[in-house]
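What follows is one structure encoded as C-alpha cells, with my remarks underneath.
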Amino acid sequence: MIKIWLTVLLSSLLLFGESNSIQASDATPHNSVVNPEGNTSAQQAEKAETESMKELLLQRINQLDEELKKDNIWSKIYSNYRTYLLLKEENSLLDAKIETLENKYKLNKEQKAELKQYQIKKETIIGKLQLLEEYEKDPFGKMVLPEHIDTVPSVGNPLAIIGAISFQKKLLSQADEYNARYESLTQIIEKIKEEEKILQELIALDKENSEYRLKLKNIKDQLKTLAQVSDIFETTQGIYTKKIDEIKIKLRTDIENEVLKGATIGGAILFLLFLLFLGKYLVRKYMPSDNNRFYTINKFLNFTFITIAVLILLFGYIENVSYLVTVLGFASAGIAIAMKDWFMSLMGWFVIMIGGAVHVGDRVKLIRNGVEFVGDIVDISPLRITMHEDVTLTTYMVNKRAGRMIFIPNNYIFTEMIANYTHDGLKTVWDGIDFTVTFDSNIHKTVSIAKEISKKYSKGYADITRKQLNRLRNQYSIRNTGVDPRIFTFIEPYGMKISVWYLTNSYATMALRSSISIEIIERIQAESDISLAFPTQSVYLDKGVPKPPFVPMQSSDEETDKVYLA
C-alpha cells in the first residue's frame, strides 16, 4: 500500500513539475529569473522536488529497517551470519598481517607493538567466532527443517482415541508454527525487495552517493541468501505438508473405525446386560427368593455375563489372539505354581458349582485345625466361601461365642470334611438329649415319658423328613428312613442313662432342645417313683458296709438269677 502511495506521489510531482516548466517557458521564454548561484527558478523547483522525494524514500527505508529489526528471527540470523563472515574475513586479513610481520628478520619497536596489537585483536575475533560458530555451515537449517514428528500412535482401543486426538492437535500445532515461519520469511523477502527498489530509485536521484550503493549491495546479498533459503523452505514445506496430511487422514480413519468398533462392542455388551436383567427378573418372578437355587442361579447369571463380556473385549481389542493363547500357554505353568492356592480355590469353586455339595443358605459344620465352626453359608465367590456363625450346640459347648463371619478358601473342600445339615432340601437333623435316673427308678415309665414328649414336639418335623427322605431315595441309597423318636437306655456308674433322639429344624435345634428338656424335667419331678441320678458318695464310720437286699428274679428259662439292686 505504501509502495503504491509513493508511486502515485512521485508521478504527481513529476507531472506537476513538467506542467510548471512548460508554463514558465511559454510565459517567459526569454525572461527566466537567475539566482546569484546561476540557477533558474525551474532548476530550484526541480531540486526541491528531488530532495522531497529523497526524504520520502529515506523515511520509507527507515520504516522498513525498523520493521525488519523488530521481532524478526530471519533478520537476526542473517545479521549474525553476516557478522560471522565479516569476522572471518577480518581474521584472514589479520593472519596475513601477522604472518608478514613474523616473517621479518628483525622488528623495530613500533612493529613489535603493531604485532602485539594484531595478536590481541585476533584473540578477540577468535572468541567472537567461537560464539557464532553455529552460523558457519548452515545458519538457517534449524528454521527450515520442520520439527520431528513423533511415532504415530496406534488406535487399538477406546482409550487410544484420546491419545490420537491429542497427537493430532499437537501435529496441527507444529504444522501451523512451521507455516508461520514460512509466511514470516516470505514477508521479509517482500520487504527487502521493496527496500531494494527504493534504494535503486535513490541511486537514480543521487548517483554519486556511495552509501546508497553499499547498502544496495548488502540488500542484494541478503535477498540472494534468503531467496535460496526460501526455495529450500518451499520444497521442504511441500513434503512436510503432504506427510502431515497423510498422518491426519490415517488418524481420522483409525478413529472412525475404532468408534464404530467400540459402538458395536458396546451394543453387544448392552444387549447382554439386557438379557442379564431379563433373566434375573424371570428368576425373581417365578422362583421364591428364599429358595437356595435362587441365589445360585443369580450368581451364575452374573458370572456368565462377566465371562462373555470379557471374552468379547479380549477378542475385540487383541489383534493376535493366537499370540495371547501362546503366551498364556507358556505362562500357565508358572501361574499354577506361583498362584497354587488361588488356582485350587478356583477349581474348588467349579467343583462346588457343578457338584452341588454346598449351596448358599446351607447350614454346615467345618473343622479347621481342631476348631469347629457351625453356621450358614451366605456367599460363595470364586475364591472363598463366606459363612455366618450362628448360636448352636457347638458354640454353646465348644466356642462359647457366635456371630462371626468365617471365610473359608474354596480349596478347603479338597482337604477337609464338610458336614452339611441341609443338603439338597433337607431341613431337619437328629438331635439328642441325655439324662440319668437312679437304678431304683421306674425305667419303663421314664422311657415312656421321654418318648411321649419327644414325639409330641417332633411330629411335624418327622412328617417333613419322611417326605424328603422318600424323595432322596431316588438319588441316594438310603435304607434307614425311620423318623419316629428313638429312646436308648444305658447303664452308667451312677444310674440308668436315657438318650432321647428326635428330629428338629436344622436352624433351630437349641430352641426345641430347650423346650423338650424343660418338659421332661417337669414330668419326672411329678413322678414319685422316678428320681434323677447324680454323682453321690456314702461314708461309713465304725460300721460295716450294708449289703443290698437279695431279690430273686425268674428268668425266661425258669432259672433263678441273683440280681442286686443298689
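The values are calculated or read from the model by the stated rules, or taken from the named source; none is laboratory data. In this text, all values refer to a predicted model and were calculated from it rather than measured experimentally. Ideal geometry is used to build each Cβ from the backbone, glycine not excepted, and the neighbour counts take in all protein chains shown.
Observations, loosely collected:
- Total residues in the stretch 224-236, condition without any contact (Cβ under 8 Å) to a residue 60 or more places away in the chain, over 15 Å from PRO139 (Cα atoms) and either in contact with a helix residue (DSSP H, G or I) (Cβ under 6 Å, 6 or more places away or on another chain) or among the hydroxyl-bearing types (Ser, Thr, Tyr) (or both): 1
- The residue that is modelled with the lowest pLDDT, counting only those in the stretch 470-482 that are surrounded by 11 or more Cβ atoms within 10 Å (Cβ to Cβ) and either in contact with a strand residue (DSSP E or B) (Cβ under 6 Å, 6 or more places away or on another chain) or charged (D, E, K, R) (or both), is ARG473.
- Looking only at residues in the stretch 93-132 that are part of a helix (DSSP H, G or I) and among the polar types (S, T, N, Q), the one that is surrounded by the most Cβ atoms within 10 Å (Cβ to Cβ) is GLN119.
- In the stretch 426-451, the residues that are hydrophobic (A, V, I, L, M, F, W, C) and in a loop (DSSP other than H, G, I, E, B): LEU426, PHE439
- When the stretch 358-382 is limited to residues that are in contact with a strand residue (DSSP E or B) (Cβ under 7 Å, 6 or more places away or on another chain) and of a type in the set (A, V, I, L, M), the one that is surrounded by the fewest Cβ atoms within 10 Å (Cβ to Cβ) turns out to be VAL378.
- Residue that is nearest to the chain's Cα centre (by Cα), among those in the stretch 371-381 that are under 26 Å from ILE297 (Cβ atoms) and free of Cβ contacts under 8 Å to residues at least 60 places away in the same chain: SER381
- Residue selected from the stretch 456-492 under the condition assigned to a helix (DSSP H, G or I) and free of Cβ contacts under 8 Å to residues at least 24 places away in the same chain, by the criterion nearest to TYR421 (Cα to Cα): LEU469
- Pair list, Cβ < 9 Å and 6+ apart or interchain, from the stretch 348-370 residues that are touching a residue at least 60 places away in the same chain (Cβ under 8 Å) and among the charged types (D, E, K, R) to residues that are in a helix (DSSP H, G or I) and surrounded by 14 or more Cβ atoms within 10 Å (Cβ to Cβ): ASP362/ASN292; ASP362/HIS423
- Residue check for GLU90: at pLDDT below 80, surrounded by 15 or more Cβ atoms within 10 Å (Cβ to Cβ), among the acidic types (Asp, Glu) and assigned by TED's automatic domain parsing to the domain that holds ILE125: no
- The condition (being of a type in the set (A, V, I, L, M, F, W, C), assigned by TED's automatic domain parsing to the domain that holds ILE161 and either without any contact (Cβ under 8 Å) to a residue 12 or more places away in the chain or touching a Ser or Thr at 6+ places or on another chain (Cβ under 6 Å) (or both)) is satisfied by just one residue among ILE306, ILE239, ILE219, ILE244: ILE239.
- Only one of the listed residues (LYS215, LYS242, LYS207) is exposed (fewer than 13 other Cβ atoms within 10 Å of the Cβ), modelled with pLDDT under 85, out of contact with any Cys (no Cβ under 9 Å at 6 or more places or on another chain) and not polar (S, T, N, Q). That residue is LYS207.
- Residues being assigned to a helix (DSSP H, G or I) and free of Cβ contacts under 8 Å to residues at least 24 places away in the same chain - total across the stretch 493-520: 3
- Exclusive hit being surrounded by 15 or more Cβ atoms within 10 Å (Cβ to Cβ) and either free of Cβ contacts under 8 Å to residues at least 24 places away in the same chain or closer than 28 Å to GLU90 by Cβ (or both), set TYR182, TYR135, TYR178: TYR135
- Looking across the stretch 52-78, the residues that are part of a helix (DSSP H, G or I) and among the acidic types (Asp, Glu) come down to GLU55, ASP65, GLU66, GLU67.
- Filtered residues of the stretch 473-488 (kept if farther than 16 Å from VAL429 by Cα and either touching a Leu at 6+ places or on another chain (Cβ under 8 Å) or basic (Lys, Arg) (or both)): ARG473, ARG479
- One residue stands out among those in the stretch 484-498 that are over 23 Å from LYS456 (Cβ atoms) and surrounded by 12 or more Cβ atoms within 10 Å (Cβ to Cβ): the one that is modelled with the lowest pLDDT, which is TYR494.
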